[in-house]
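Please treat every number below as a calculation from the coordinates, not as lab data. Worth saying up front: this structure is predicted, and the values here are computed from it rather than measured. In this analysis, Cβ positions are derived from the backbone assuming ideal geometry, glycine residues included, and neighbour counts consider all displayed protein chains.
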Amino acid sequence: MGISTEKRFIYFVIPKAGSSTVRSVIDPYRDIKRPTDHFSEHVTIDRFLQSKHADLASRYFKFSFVRNPYDRLYSGFMQDFFAAYNLPHWEEAKRPIFDTIGEDFNRYVQDYAAKADVINDAYWICFCPMHKFTHRAGDCMMDWIGRNESLEADLRILAGRLDIEPGEIQRRNVRSKSDTPGRHLVNYRKKTIEIVNELYKDDFEAFGYELAKPSDFAS
């Protein structure tokens, strides 16, 4: 999360939606980076409104960035796999899983992510539905929402809204050279598509992303 008392904005950071790149642009203006204790970076709108900074929500410009749910989930899987073997504080939570399933994305979603508390367990926050960060009781609480699929262009639009200088925008934390929306669908199986379509149905509806048909995927 990022709050600027100078520029009067609040960035609701949705994990795996270009947040490293967005933060590189707004970091010079962020003076409150960790408004809560347990969920210091990825704070849902409900959790924020229970924090000591809740009063800022009605006075500051609130924004977020979203991403195609299929691409976002696969990116979250890749990050978890990397963290399990490279970040000591993640090993206890994630390494036993990957020691069991290897790099099997579909098993990870079906057997673990779909059964995890993706809203309240910080180790599964990458799989938290995006609307939990942006909507409350079905209403969008953001003043502006950008998209990972048009990240550079949207960041420049945002910079204009915030009256900040974006400088040279460089994509951060990107492991794939391709940026084609939906490119990670090739990694999905039929059951995984069914699970994602159900778990993230509100995301597809809220942000206008197209649902894939399970019948188009192998079992």
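With contributions of -39500 (n - 2.57) from each DSSP H run of at least four residues, the per-residue ellipticity at 222 nm computed over the chain stands at -10000 deg cm²/dmol. What net charge is computed for the residues neighbouring Phe204, neighbours being all others with C-beta under 11 Å from the C-beta of Phe204, Lys and Arg scored +1, Asp and Glu -1? Residues close to Phe204 contribute a combined charge of -4.
How big is D for segment 1-124, in µm² s⁻¹ as a whole number, if Stokes-Einstein is applied with the Kirkwood radius of its Cα pairs at 4 °C and 1.567 mPa s?
On the way: Rh = 15.9 Å.
After rounding, the answer is 82 µm²/s.
For the cross-link pairs Lys16/Lys132; Lys62/Lys201; Lys115/Lys213; Lys62/Lys115; Lys190/Lys213, the ones whose C-alpha atoms lie over 19 Å apart are Lys62/Lys201; Lys115/Lys213; Lys62/Lys115.
Run through every distinct alpha carbon pair of the chain and return the Kirkwood hydrodynamic radius in angstroms, one decimal place. Show your work: numbers first, answer last.
Working: mean 1/r = 0.0553 Å⁻¹.
Mean inverse Cα-Cα distance, inverted, gives 18.1 Å.
For Ile101, neighbours were defined as the other residues whose beta-carbon sits under 10 Å from its Cβ, and their charges (Lys and Arg +1, Asp and Glu -1) total -3.
Principal-axis analysis of the Cα atoms of the chain puts helix 88-101 at an angle of about 30° to the longest axis. Once the Cα atoms are used to define both axes, helix 69-86 deviates from the longest principal axis of the chain by about 80 degrees. Between the Cα long axis of helix 190-199 and the first principal axis of the chain there is an angle of about 30°, rounded to the nearest 10. In a fully extended conformation the segment linking His89 and Ile101 would gain 2.3 nm over its present Cα-Cα distance, using 0.36 nm per residue.
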